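The values are calculated or read from the model by the stated rules, or taken from the named source; none is laboratory data. Being a predicted model, the structure only gives us computed values, none of them experimental. Cβ sites come from the backbone with ideal geometry, for glycine too, and all protein chains shown count toward neighbours. Keep in mind that these areas ignore ligands, DNA and RNA; they rest on the heavy atoms of the full protein, side chains included. Shrake-Rupley method; radii C 1.70, N 1.55, O 1.52, S 1.80 Å.
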Amino acid sequence: MQTPQKIEVGPMYVDVWPKHIRLIPLEQAVCYVVFDDNDQIAGPLIEKILNEESQIRKVRPPEWLGGGGIKIRNISKWDSPSLRLLNERALELYRRVRGINSSVIDDMWANVTREGEYIGPHAHRRTKASLVYHLLPPPKSETSKFDGSLGLCDPRLPRCCPVEKGRATSQIYPPMNPGCMVIFPSFVSHYVTPFVGTEPRISIAWNIDDSKLPGRPNDVSLL
């Protein structure tokens with residue numbers, strides 16, 4: 001299936017990959033891009049995510065702060081032009097970083113984090129790369145000390161081991177600008193620091209591979 005050049009979002013057609021967008025490397029296979037049209041496309045998607053989050057918290061509130069807040073797993077079924085655009089951008093970013101012509105989303109979800117919530121260090125199974133898009137990050141006034149930030153810390157990343165090879169003594173904190181999309185290998189340990197903001201922190205995440213994988217992401221229990 002050919003990748004569309006533009007996607008209709010509301011009254012406008014938006015470029016999937018604007019010509020001025022550039023990859024910014026942080027580490028081998030770890031980089032990010034910033035799409036400057038987030039304010040134009042985010043509104044309806046944010047509203048839909050927050051409505052879903054509200055319903056989930058009423059029925060099944062988080063059992064502990066370290067669970068990462070609310071994960072909305074059914075977004076792949078939503079009929080949302082904004083989400084369709086972000087999916088295509090995630091797939092294109094994967095292809096550009098990998099230098100290949102194919103990419104398939106294996107799993108995707110939205111994260112809504114509230115005050116005090118965080119996600120402990122973990123990695124993802126099955127896929128070659130994981131991506132995170134900052135749809136509604138906290139304002140910079142609330143992240144001066146990396147509060148609520150996505151962090152990477154893995155002994156296989158040289159930038160995390162500035163003192164001794166193979167011993168992770170430092171972390172990588174990609175920017176949290178609205179519209180920032182980060183890609184990193186799925187095997188890399190990553191986390192989200194405790195969030196202290198008064199407004200919700202919203203991100204969208206994908207696990208992507210070269211081609212469709214057998215089975216489903218949740219076929220094997222994490223326990």
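Could you tell me, in Å, what Rg and Dmax come out for the Cα atoms of the range 13-85?
Taking only Cα atoms of the range 13-85, I get Rg and Dmax of 16.1, 44 Å.
So with the 1.4 Å probe, I'd like the accessible area per residue for the chain, rounded to whole Å².
Spelled out: the 1.4 Å probe surface of the chain, per residue, equals 54 Å².
Please pull out the direction-averaged projected area of the chain, using the convex hull of its alpha-carbon atoms, in nm² to one decimal place.
In nm², the orientation-averaged hull projection of the chain is 13.1.
Which order do the peptides 194-201, 9-16 take when ranked by the mean count of other beta-carbon atoms within 10 Å per residue, highest first?
Per-residue Cβ counts within 10 Å, averaged per peptide and sorted highest first, yield 194-201, 9-16.
Pick from Asp39, Asp107, Asp154: which is most flexible by mean-square fluctuation in a GNM of the chain where alpha carbon atoms under 10 Å apart are linked?
For the chain, modelled as a Gaussian network with Cα springs under 10 Å, the answer is Asp39.
Taking 0.36 nm per residue of separation and subtracting the Cα-Cα distance, what length does fully extending Lys58 through Arg167 add?
35.0 nm
When N is the residue count of the range 44-91, what does its C-alpha Rg come to as a fraction of 2.2 N^0.38 Å?
So the Cα radius of gyration is 1.30 times the expected 2.2 N^0.38 Å.
Can you compute the equivalent ellipsoid semi-axes for the range 94-153, i.e. the square root of 5 times each eigenvalue of the Cα gyration tensor, sorted largest first and rounded to whole Å?
27, 14, 12
For the chain, what's the relative contact order in percent, using C-alpha pairs closer than 8 Å and at least 6 residues apart?
28 percent
So what does the Cα-only Debye profile of the range 131-219 read at q = 0.11, 0.14 Å⁻¹, as log10 I(q)/I(0), no solvent term?
-0.38, -0.60
Report in % the part of the accessible area of the chain that belongs to carbon and sulfur, leaving out ligands and nucleic acids; probe 1.4 Å.
Answer for the chain: carbon and sulfur cover 53 percent of the accessible area.
Cross-chain or 8 or more residues apart, Cα under 21 Å: how many lysine pairs in the chain fit that? Count them up, please.
So the count works out to 8.
Å³ per residue of the Cα convex hull, for the range 4-133?
In the range 4-133, the Cα convex hull volume per residue is 142 Å³.
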